[in-house]
1. Using r as the Cβ-Cβ distance of Ser118 and Glu155, and R0 as 22 Å, what FRET efficiency do you calculate, to the nearest 0.05?
2. Size of the dipole of the chain about the Cα centre, Lys and Arg at +1 and Asp and Glu at -1 on the beta carbon, nothing else charged, in debye to 20?
3. By how many nm would the segment from Tyr148 to Val107 lengthen if fully extended, with 0.36 nm per residue of separation less the alpha-carbon distance?
4. Taking only Cα atoms and a 10 Å spring cutoff, compute GNM fluctuations for the chain and point out the largest among Ser58, Ser147, Ser114.
5. How much length would be gained if the chain were fully extended between Asn167 and Arg39, taking 0.36 nm per residue of separation minus their Cα-Cα distance, in nm to one decimal?
6. Taking only C-alpha pairs under 8 Å that are 6+ residues apart, what is the relative contact order of the chain in percent?
7. How long is the gain from Tyr29 to Val10 if the chain were fully straight, where each residue apart is worth 0.36 nm and the alpha carbon distance is subtracted?
8. How many lysine pairs in segment 3-113, separated by 8 or more positions in sequence or lying on different chains, have Cα atoms less than 14 Å apart?
Amino acid sequence: MNLHDKERDVQKLYKAQKLALYWLLGLIYSGFIGFQLGRIQAITDFNYNLHEIMYVPSAIALYVVPVVFLIYIYFLIKYLLVMGKQKVGVKTSIQAVFVIVSILVVVSITSHQSHEVSTTGVYEVEKKLHQDRKYYLVVDDKTVRVSYNEFQLIEKNHLYLISFVWNKRTPHKGQLETIEPVK
């Protein structure tokens with residue numbers, strides 16, 4: 001193999017791994033953005049079908065990203081092997097690190113959010129807490145964060161129809177979604 005052929009192979013492999021990188025990043029970010037948009041309650045209230053369509057990129061990414069990641073790794077390793085002892089560019093190293101960090105960040109955020117639970121029911125407000133400029137209600141042994149206005153309007157030992165979100169990983173903390181007094 002002459003020098004010209006090796007140079008051409010290096011260019012082809014570089015372009016192939018770069019194309020796989022762009023597809024990988026596009027799938028990761030479009031899936032992540034679709035998942036985040038699908039979680040927005042206002043979209044669900046506006047149009048439920050639109051809400052469901054928002055999850056399509058994340059469903060596609062769930063199955064396609066691992067395949068494209070393997071293709072990217074294949075081309076990257078092949079590129080590095082063809083390069084041999086030549087110095088690999090800083091740009092290639094940064095791209096590989098960027099892909100791995102992107103995958104880790106998206107997976108960790110999505111994993112955390114997949115443990116979220118929405119709870120709705122009629123509850124008696126057990127306590128009202130004010131700590132470090134943050135306001136909480138104690139409901140069903142959960143500390144539910146509320147706004148200042150909600151904190152001022154809610155009375156202890158009264159019944160309310162409450163909807164709040166909490167995470168299974170931190171089961172004693174929650175975030176208020178809606179609250180209405182029960183008559």
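Laboratory data are not the source of any read-out in this text; all were calculated from the coordinates shown. None of the values given here were measured: they were computed from a predicted structure. Heads up, the Cβs are rebuilt from the backbone with ideal geometry, glycines too, and the neighbour counts pull from every protein chain shown.
1. Once the sixth-power term is evaluated, E becomes 0.35.
2. The calculated dipole for the chain is roughly 1040 debye.
3. Contour length minus Cα-Cα distance gives 11.4 nm.
4. Ser147
5. In short, 44.6 nm is gained.
6. About 17 percent, as a whole number.
7. 4.0 nm
8. 7
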